[in-house]
1. Please give the contour-minus-distance gain from Glu101 to Met1: 0.36 nm per residue of separation, less the Cα-Cα distance, rounded to one decimal in nm.
2. How would you classify the range 134-209 from its alpha-carbon gyration tensor, with a ≥ b ≥ c the square roots of the eigenvalues: rounded for a/c under 1.5, else prolate if a/b is greater than b/c, otherwise oblate?
3. For Asn99, list long-range residues whose amide hydrogen, built 1.01 Å from N in the peptide plane, is under 5 Å from its own amide hydrogen.
4. Working out 0.36 nm times the residue gap between Arg191 and Glu176, then minus their Cα-Cα distance, what length gain in nm do you get to one decimal?
5. Given H placed 1.01 Å from N in the peptide plane, which residues other than close sequence neighbours of Gln352 have an amide H under 5 Å from its amide H?
6. Would you kindly derive the ³J(HN,Hα) couplings of the range 199-215 from the backbone phi angles with the Karplus curve 6.51 cos²θ - 1.76 cosθ + 1.60 (θ = phi - 60°), listing them in order in whole Hz, with x for Gly and Pro?
7. Could you identify which residue out of Gly189, Gly382, Gly158 has the top mean-square fluctuation in a GNM of the chain using Cα springs shorter than 10 Å?
8. Along the Cα→Cβ direction, 7 angstrom out, place labels at Asp271 and Glu426. What is the inter-label distance in nm?
Amino acid sequence: MQDLLNFLDRSPSRYHAVANLCGELEAAGYVRLYEGQCQPIVPGGKYFVTRGGSALLAFRIPRADFTGFMISASHSDSPTFRIKENAELEGPETYVRLNTERYGGMLCAPWLDRPLPVAGQVMVKQGDDIQERLVYVDKDLLMIPNVAVHMNRDANNGFKYDAKCNMVPLMGMGLEKGAFRAAVAQAAGCRPEEILGTDLYLCLRQKALVWGAEDQFVSAQGLDDLQCAWGCFKGFLAAADSASVPVYALLDNEEIGSGTMQGAAGTFLVDWLDRICAALGRDRLPAIANSFLVSADNAHAVHPNHPEYHDAGHRPVMNGGVVIKHGVRYATDGASQAIFTALCRKADVPVQQFSNRSDMAGGSTLGNISNSHLSLNTVDIGLPQLAMHSCFETTGVKDTQYLIQVMTLFYGSVFREEAGRFFLGE
Ligand code: CO
């Protein structure tokens, strides 16, 4: 559990999350590949590659021929506020605020009255190069102040948060022009004029924590989806070798529809499966047909104050195990459900079922988006959590370990499909 908390604390942005996992892969002897270079991929090799600094793929090639790909996909981003290019807003009075826009479908209220640092990456001009550089302004830099209840008598009666007006963070009073850029440059270790591009987001400085009378809950920023990202990653690293290629995928921009070069609607995953097949002289179609995708993105636990929002018979609880998600916007079907359920039984991991209440649309995730480019047997799963898309979410202490357990078994398995018969084993 402590290593999940450490990972969350060291990952104030998606770029940090990817960099942290890259560090672990390097330490475990994985070779870094670059998309623009023709580096060899050979039997027995272990590799990873990133795209845009916010998406990551890692894979291992078996020593002998392989059957297919055992893939997990989760997402690195979470809803937040993106800082605009010319961010400093002067006034009213001597106030200096930062201009931001909503990134994803967040709950607005939890962002108010909290100290907010800034994290992400910047592009820095160094000689003839432009280099990516991680940035974390490790300071209580900003706050989005609430309006006093005396001036907003509707504050507790369904208040409408307008991003342009109500969600603008305050940075200071009477500051010199360029103070924000100067703070970012200092954190990046460069001069303000060397920053040519930015991908900066608000985040929390609040550390991840375990709480409750019997320490049953974990709360942190970004649990959706870094908890699944972490659980799948640990399973990927721990798995035994098999006749499959285990592929770990962490993709960006799920919260804004995945339609970017780093997202599930982009070609990152399929490009590299093709590359692996080509490097090892394999036909793509049978390799994909004998592959399985676990799309891992957090699920809704039944809410203590609002159990009625959940569907009868589909009420996952925290610390109750991995959740299989069913519905028209999910990729799960009877076959993938059966295969994943059998896997959980073998791994001794409890399984729960989620389906939207029939009059609610619910959310969607990576599975069906990814399948429109790369079609293969896919199950949508997640870990049960409360307050999804709050900036401080809550989950159970036991469930990450359940995910690691089942993904360790998954990644060490071989999947085959022949005329309506499925095989999953070692
Ligand atoms: Co998610």
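1. Working: separation 100, 0.36 × 100 = 36.00 nm, distance 3.36 nm.
Gain in length upon complete extension: 32.6 nm.
2. On the way: a/c = 2.62, a/b = 2.00, b/c = 1.31.
Taking the square roots of the gyration eigenvalues as a ≥ b ≥ c, the range 134-209 is prolate.
3. Lys84, Glu88, Leu89
4. Numbers: separation 15, 0.36 × 15 = 5.40 nm, distance 1.61 nm.
That pair, Arg191 and Glu176, stretches by 3.8 nm at full extension.
5. Val322, Val323, Ile324
6. 10, 10, 9, 6, 8, 9, 9, 4, 6, 5, 8, 9, 8, x, 4, 10, 6
7. Gly158
8. Each label point lies 7 Å from its Cα, and together they span 3.7 nm.
The values are calculated or read from the model by the stated rules, or taken from the named source; none is laboratory data. Being a predicted model, the structure only gives us computed values, none of them experimental. Cβ atoms come from the backbone with ideal geometry, glycine included; neighbour counts cover every protein chain shown. For accessibility, only protein heavy atoms count, side chains too; no ligands or nucleic acids. Shrake-Rupley method; radii C 1.70, N 1.55, O 1.52, S 1.80 Å.
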